[in-house]
1. Any idea how many residues of segment 63-105 are open to solvent by less than 20 Å² (accessible area, probe 1.4 Å) and polar (S, T, N, Q)?
2. Cβ-Cβ under 6 Å, sequence separation 6+ or interchain: first residue in segment 184-197 and over 15 Å from A104 (Cα atoms), partner aliphatic (A, V, I, L, M) and loosely packed, with under 15 Cβ neighbours inside 10 Å. Which pairs?
3. Go through segment 110-133 residue by residue and tally those that are free of Cβ contacts under 8 Å to residues at least 40 places away in the same chain and in contact with a helix residue (DSSP H, G or I) (Cβ under 6 Å, 6 or more places away or on another chain).
4. Are there any pairs with C-beta distances below 8 angstrom linking a residue in segment 82-101 that is in contact (Cβ under 8 Å) with a residue 12 or more places away in the chain and under 15 Å from M118 (Cβ atoms) to a residue that is assigned to a loop (DSSP other than H, G, I, E, B) and of a type in the set (S, T, N, Q), with the two at least 6 apart or on different chains, and if so which?
5. Determine whether V113 is more than 17 Å from the chain's Cα centre (by Cα) and modelled with pLDDT under 95.
6. Would you point out the residue of segment 164-208, among those that are basic (K, R) and either under 16 Å from the mean Cα position of the chain (by Cα) or part of a loop (DSSP other than H, G, I, E, B) (or both), that is nearest to D129 (Cα to Cα)?
7. Being of a type outside the set (S, T, N, Q), touching a residue at least 40 places away in the same chain (Cβ under 8 Å) and surrounded by fewer than 24 Cβ atoms within 10 Å (Cβ to Cβ) is the filter; apply it to segment 26-52 and report the residue that is farthest from V131 (Cα to Cα).
8. Here are the criteria: (1) closer than 19 Å to G40 by Cβ; (2) charged (D, E, K, R); (3) touching a Pro at 6+ places or on another chain (Cβ under 9 Å). Tell me which single one R192 does not satisfy.
Amino acid sequence: YFDRLYSRDQPTYGLLPSSEIMQFLRESPRQGKALDLGSGLGRNALARAAMGLNVNAVEAAPVALERMAGQARTLGLDGKVRGIPGDIRRVDVGAGPFSVIVAATSPDHVPLVDCAAMLPRLVSMLAPDGVMFVEVHTTDDPGCTGEGPPSPTASAVQHYFPPGQLLEMCQPLLRIVQYHERLEWDDTHGPRHQHGKAVMLGLSHGCPLARV
């Protein structure tokens with residue numbers, strides 16, 4: 001499914017991070033390693049590499065990894081981004097620790113039980129001063145409610161997060177500095193549609209608040 005999605009001439013989701021993730025990246029560590037889960041065409045991974053991080057980018061769709069590698073060469077970032085093919089639940093993501101981990105709308109593409117097992121494993125890979133960004137679709141999403149235009153990729157979402165569920169899962173693991181839920185419009189993949197989103201920014205317990 002995602003091979004077809006990422007084979008389109010028009011880059012699915014675009015080539016630039018969302019304004020929210022871009023702001024997070026500006027305030028994140030600029031040295032060390034980063035991990036990107038569900039990297040797609042690499043819009044988040046390439047932005048972090050451009051800021052100085054060495055990025056391990058995990059993606060299940062081979063065509064997306066190929067196009068990301070080509071874009072890295074074009075941007076002079078070849079060698080800064082390592083594409084890792086495989087399922088985010090099981091693949092060896094590479095050696096940590098990671099200064100930055102981003103899981104943007106990838107935890108909701110696996111069953112809840114797998115996500116619950118995956119989050120502690122990811123946090124264990126964070127550097128002592130590391131930061132982690134997680135974004136998921138919520139039960140307010142039209143793909144879940146059936147009200148309003150759904151995303152063309154709604155069928156790939158395996159778990160929509162009820163209000164507060166992502167926060168409840170992450171609070172024992174991280175120092176949460178930002179959490180919010182919202183509805184947003186999106187026109188980066190198909191006709192304009194809405195998403196319900198939950199967004200969490202957390203720090204390793206040893207990370208100073210001034211880092212973000």
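The values are calculated or read from the model by the stated rules, or taken from the named source; none is laboratory data. Just so it is clear, the structure is predicted and the values come from calculations on it, not from any experiment. Positions of Cβ are backbone-derived with ideal geometry, glycine not excepted, and every protein chain shown enters the neighbour counts. To get the accessible areas, we keep the full protein, side chains included, count just its heavy atoms, and leave off ligands, DNA and RNA. Shrake-Rupley method; radii C 1.70, N 1.55, O 1.52, S 1.80 Å.
1. 1
2. Q194/L183
3. Residues of segment 110-133 that are free of Cβ contacts under 8 Å to residues at least 40 places away in the same chain, as a first pass: 113-114, 117-118, 121, 124.
Next cut, in contact with a helix residue (DSSP H, G or I) (Cβ under 6 Å, 6 or more places away or on another chain) only: none.
Residues that pass the stated criteria total 0.
4. Partner pairs satisfying both residue conditions: I88/S106.
5. Working: more than 17 Å from the chain's Cα centre (by Cα): yes; modelled with pLDDT under 95: no.
When the stated conditions are applied, V113 does not pass them.
6. From segment 164-208, those basic (K, R) are 175, 182, 192, 197; that's our starting set.
Narrowing the set further to residues that are either under 16 Å from the mean Cα position of the chain (by Cα) or part of a loop (DSSP other than H, G, I, E, B) (or both) leaves 192, 197.
On the way: R192: 38, K197: 26 Å.
Checking each candidate, the answer is K197.
7. Once the filter is applied, the top-ranked residue is G38.
8. Going through (1) closer than 19 Å to G40 by Cβ; (2) charged (D, E, K, R); (3) touching a Pro at 6+ places or on another chain (Cβ under 9 Å) one by one, R192 breaks only (1).
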